[in-house]
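The values are calculated or read from the model by the stated rules, or taken from the named source; none is laboratory data. Please read these numbers as outputs of a predicted model, since none were measured by experiment. Methodologically, a virtual Cβ is constructed for each residue, glycine included, from the backbone with ideal geometry; neighbour enumeration extends over all protein chains shown.
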Amino acid sequence: MTTSIQETQLISETSEIPNLRFLEEVSAATAGVARLEMCIQCGTCGGSCPSAADMDHTPRMLFAMIRAGLRDDALRSNTPWICVSCYHCVVRCPQDVHITDVMYTLKSMAIQAKLYKDAKAPDFSQTFVDMVENFGRSYELGLATRHYLKHFPLRLPGMAPMGIGLITKKRMDITPHRIEGIDQLRAILARAKQLEGIS
Amino acid sequence: MNKYLFYPGCSMEASARAYNVSLMAICETLDLELEEIHDWNCCGATEYLGISLTPAYALISRNLALAAKQANGSHTVVAPCSACYLNLAKADHYMLERPSLGEKVNLALEAGGLQYKPGSLEIRHLLDVIINEIGLDTIKSKVVKPLAGLRVAPYLGCMVPRPDYAHRWSDHEHPDELDRLLKALGAEVIDFPLKTHCCGGHMPQISPSTAFELLRRLIHSAAQYNADLLVTVCPMCQMNLDAFQHEMNRFYRTNYHMPIVFFTQLIGLAFGIKATDLGFGKELVDPRPALDRIGVEIPVSVETKARPKRTKKTGLPMPIMPGDEEVNE
């Protein structure tokens, strides 16, 4: 009896009040029809996941948390950030849940709520997007330099031969390429951000 | 003549230049005409989708809108890169599945004077087009130098056979398209069990240990099957397996040497095209030992001999040494 009371307290301690609209919120923010409410908790997703060993929660657990309304706990989980977008779980899911796309939604919500634990992945995505918004194309040298200097300075000496190899073999451009319609692209993205409700 | 709209994607012009060069080299023999979408932009890879929904889909859809505008005759867009292919297909598919997304995206496109009606294009991967439109019989008939004796591991990666919105592939986990193509080229093809497993994607930049484990599995499995090299259809897979193999080896104290090349490069070799015209020599894990065995020679340092010989005599004043005839010529 006492254990069950303690467990109840534990849950209410970590996550203030369950947000019962959270499932709806996640579904609404996902591309296509998420089908998250169809999850039968079979665990096929976690069993198929190549990187599940490094996740705080398996996808199945994460979906249970979303349905229980544990918003902050779900957004703090590293699971969406460790997801490699390989779609193994998606093709195996007996309920056709759009698992990978739900992971993208959780990432964007965690960024908005600033609830991610490790800044490496959000920073990498943001740097990538900055380059794309600036030039219209990705710019690998700029991206790699900025990201590795900030997050992996100690890996740089070991990676120098690779970087030099890529540059001398003309596989990494020194200067970025800017598309002609960059102003058009920026106008489109600015409108899209307005529609999304972010400045 | 098979004519298609072509979306190259950023990596074709940088890290996967060998893929681009070899594709252009085999186009004529395959009777394949690729018309590049004018002024295309990055598809956002897997990064923009994780930041915000509408901008990510608007970014992808600018390309769809440009392609639809440019389309004359062909409404099929061919993408050689797995991530680009999936993003273009995904945007088209989800805007149909959920019309409100399509409406939002079109409102955004309007700001740039563009519009796109979901479902008006067909998005296909290069391998799909080569196998299902050009066909193995045509390819077989063009092979002049079969790759007999080369033991290859066909590696598709994740995003081509999955999630497969248009049901084009024979299987989600063990498709045999690439196997059949490589067999048609005369190569010895292993039944690679990890052919659609993940290379780690952007993980070398996020969580290196996660990435190295995924790379190790692939390379270890290919080595266990005594494959001479891995053959891929994806710039990201090639980059990860090739460029991070050295770091992965140091991480696990292993000593793997498993080259990875693009399938278009092998098609080119079998068509009798010179290795130097197929972008060979750009790999960090040298495929020469493997290719030597089938009599393909890649001149040492095709790219790295780069330092140009000074031809003009008007350079920095240098002392003329006795016997230094070249200068006095």
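Summary table
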{"item": "Qualifying positions in the stretch B:148-168 - part of a loop (DSSP other than H, G, I, E, B) and either buried (at least 22 other Cβ atoms within 10 Å of the Cβ) or at positive phi (or both)", "result": "B:Gly149, B:Leu150, B:Leu156, B:Gly157, B:Cys158, B:Met159, B:Val160, B:Pro161, B:Arg162, B:Asp164, B:His167"}
{"item": "Among (1) at the interface with another protein chain (Cβ under 10 Å from one of its Cβ atoms); (2) closer than 29 Å to B:Ile26 by Cα; (3) surrounded by fewer than 24 Cβ atoms within 10 Å (Cβ to Cβ), the one test that B:Leu86 misses", "result": "(3)"}
{"item": "Residue in the stretch B:10-29 that is within 17 Å of B:Leu127 (Cβ to Cβ), more than 14 Å from chain A (Cβ to nearest Cβ) and assigned to a strand (DSSP E or B) present", "result": "no"}
{"item": "Among residues of the stretch B:157-191, those that are without any contact (Cβ under 8 Å) to a residue 60 or more places away in the chain and touching a strand residue (DSSP E or B) at 6+ places or on another chain (Cβ under 8 Å), counted", "result": "6"}
{"item": "Any helices (runs of 4 or more DSSP H) falling wholly within the stretch A:57-165 and containing at least 3 residues that are among the aromatic types (Phe, Trp, Tyr)", "result": "A:120-135"}
{"item": "Tally of residues being surrounded by fewer than 19 Cβ atoms within 10 Å (Cβ to Cβ) and touching a residue at least 60 places away in the same chain (Cβ under 8 Å) across the stretch B:109-140", "result": "3"}
{"item": "Cross-chain or 6+ apart pairs with Cβ under 9 Å, the stretch B:70-81 first and free of Cβ contacts under 8 Å to residues at least 12 places away in the same chain, then acidic (Asp, Glu)", "result": "B:Asn72/B:Glu35"}
{"item": "Single condition B:His246 does not satisfy, out of (1) assigned to a helix (DSSP H, G or I); (2) buried (at least 22 other Cβ atoms within 10 Å of the Cβ)", "result": "(2)"}
{"item": "Tabulated pairs, the stretch B:259-274, first in a strand (DSSP E or B), second of a type in the set (D, E, K, R), C-beta under 6 angstrom, 6+ apart or interchain", "result": "B:Ile260/B:Asp242"}
{"item": "Members of the stretch A:31-46 found to be β-branched (Val, Ile, Thr) and modelled with pLDDT of 95 or more, listed by number", "result": "A:Ile40, A:Thr44"}
{"item": "Residue satisfying all of: in the stretch B:200-215; small (Gly, Ala, Ser) and more than 7 Å from every other protein chain (Cβ to nearest Cβ); farthest from A:Leu143 (Cα to Cα) among these", "result": "B:Ser209"}
{"item": "Residue match in the stretch A:134-153 (condition: aliphatic (A, V, I, L, M) and within 7 Å of chain B (Cβ to nearest Cβ))", "result": "no"}
{"item": "Where a residue in the stretch B:45-57 is at positive phi and touching a residue at least 40 places away in the same chain (Cβ under 8 Å) and its partner, wherever it lies, is crowded, with 24+ Cβ neighbours inside 10 Å and part of a helix (DSSP H, G or I), with Cβ under 6 Å and at least six apart", "result": "B:Ala45/B:Ala83"}
{"item": "Enumeration of residues in the stretch A:178-199 that are at the interface with chain B (Cβ under 7 Å from one of its Cβ atoms), touching a helix residue (DSSP H, G or I) at 6+ places or on another chain (Cβ under 8 Å) and without any contact (Cβ under 8 Å) to a residue 40 or more places away in the chain", "result": "A:Gln184, A:Ile188, A:Arg191, A:Ala192, A:Lys193, A:Leu195, A:Glu196"}
{"item": "Among residues of the stretch A:21-35, those that are closer than 19 Å to A:Leu115 by Cα and either of a type in the set (Val, Ile, Thr) or surrounded by fewer than 17 Cβ atoms within 10 Å (Cβ to Cβ) (or both), counted", "result": "4"}
